[in-house]
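So the structure is just underneath, and the comments pick up after that.
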Amino acid sequence: MIIWLASYPKSGNTYVRAFLSAYYFSENGQFDFSQISNIDQFPHEKFFKEKVNSISEASRQWMPIQREINKDKKIRFFKTHRFVGNYKNNEFTSPETTLGAVYIVRDPRNELTYLKNHYTFTDNKALEIIT
């Protein structure tokens, strides 16, 4: 079953994956950056059997891929920037394939500064993007 680590980009997902990786994938609780690869991103092209050319094509495969991932009944963490919902009537996930989720939220007081610095936006442009 899948446990989702869901967030907007640049909201601390990597930081949370570092903690979880040290806890679940190390012998002694010490973090090694190579452990973070134990938590894959979904969706990712490596899960698709054929190249997809659009979000519509990909969305039709989200649930079948998750069912396939869950066949061995192991618990897995996946990083995602998707939402619980659907795209063109294709569900991203469901209770059938999901054990739980951790939603990582960035302090919104920092979002304007982040956008401004990361994308070299002006204050007004960053505010426009947020609103």
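Checking the structure you have, find out if any residue of segment 53-66 is surrounded by fewer than 12 Cβ atoms within 10 Å (Cβ to Cβ) and more than 26 Å from residue 96 (Cα to Cα). Yes - at least one qualifying residue is present in segment 53-66.
Among the residues of segment 1-46, those identified as farther than 26 Å from residue 112 by Cα, in a helix (DSSP H, G or I) and of a type in the set (Phe, Trp, Tyr) are 19, 23, 24, 25, 33.
When 6, 22 are checked against the criterion of being surrounded by fewer than 17 Cβ atoms within 10 Å (Cβ to Cβ) and in contact with a Phe, Trp or Tyr (Cβ under 9 Å, 6 or more places away or on another chain), 22 stands alone in meeting it.
Looking at segment 55-73, I want the residues that are touching a residue at least 40 places away in the same chain (Cβ under 8 Å) and have a partner that is of a type outside the set (A, V, I, L, M) and open to solvent by less than 70 Å² (accessible area, probe 1.4 Å) with Cβ atoms under 6 Å, at least 6 apart or on another chain. Which pairs are those? That search, which allows pairs on different chains as well, returns 66/97; 70/97. Considering segment 26-52, and only residues there that are surrounded by 11 or more Cβ atoms within 10 Å (Cβ to Cβ) and charged (D, E, K, R), the residue that is modelled with the lowest pLDDT turns out to be 32. Across segment 83-118, the number of residues qualifying as modelled with pLDDT under 85 and basic (Lys, Arg) comes to 2. Do we have residue 82 as part of a loop (DSSP other than H, G, I, E, B) and either without any contact (Cβ under 8 Å) to a residue 24 or more places away in the chain or in contact with a Phe, Trp or Tyr (Cβ under 8 Å, 6 or more places away or on another chain) (or both) here? For residue 82, the condition - part of a loop (DSSP other than H, G, I, E, B) and either without any contact (Cβ under 8 Å) to a residue 24 or more places away in the chain or in contact with a Phe, Trp or Tyr (Cβ under 8 Å, 6 or more places away or on another chain) (or both) - is met.
Can you name the residue in segment 68-112 that is over 16 Å from the mean Cα position of the chain (by Cα) and within 15 Å of residue 8 (Cα to Cα) and is also most open to solvent (accessible area, probe 1.4 Å) among such residues?
Among residues in segment 68-112 that are over 16 Å from the mean Cα position of the chain (by Cα) and within 15 Å of residue 8 (Cα to Cα), the one most open to solvent (accessible area, probe 1.4 Å) is 109.
Only one entry of 87, 24, 114, 15 meets the criterion of being aromatic (Phe, Trp, Tyr) and over 30 Å from residue 125 (Cβ atoms), and that entry is 24.
Taking each residue of segment 1-25 that is touching a residue at least 24 places away in the same chain (Cβ under 8 Å) and looking for partners that are open to solvent by 40 Å² or more (accessible area, probe 1.4 Å) and basic (Lys, Arg) with beta-carbon atoms closer than 6 Å, six or more apart or interchain, yields 2/76; 11/106.
Please verify whether segment 65-77 includes one or more residues that are β-branched (Val, Ile, Thr), assigned to a loop (DSSP other than H, G, I, E, B) and touching a helix residue (DSSP H, G or I) at 6+ places or on another chain (Cβ under 8 Å). No, that holds for no residue.
The values are calculated or read from the model by the stated rules, or taken from the named source; none is laboratory data. These figures come from a predicted structure and were not determined experimentally. Counting neighbours? That spans all protein chains shown, and the Cβs are built from the backbone with ideal geometry, glycine included. To get the accessible areas, we keep the full protein, side chains included, count just its heavy atoms, and leave off ligands, DNA and RNA. Shrake-Rupley method; radii C 1.70, N 1.55, O 1.52, S 1.80 Å.
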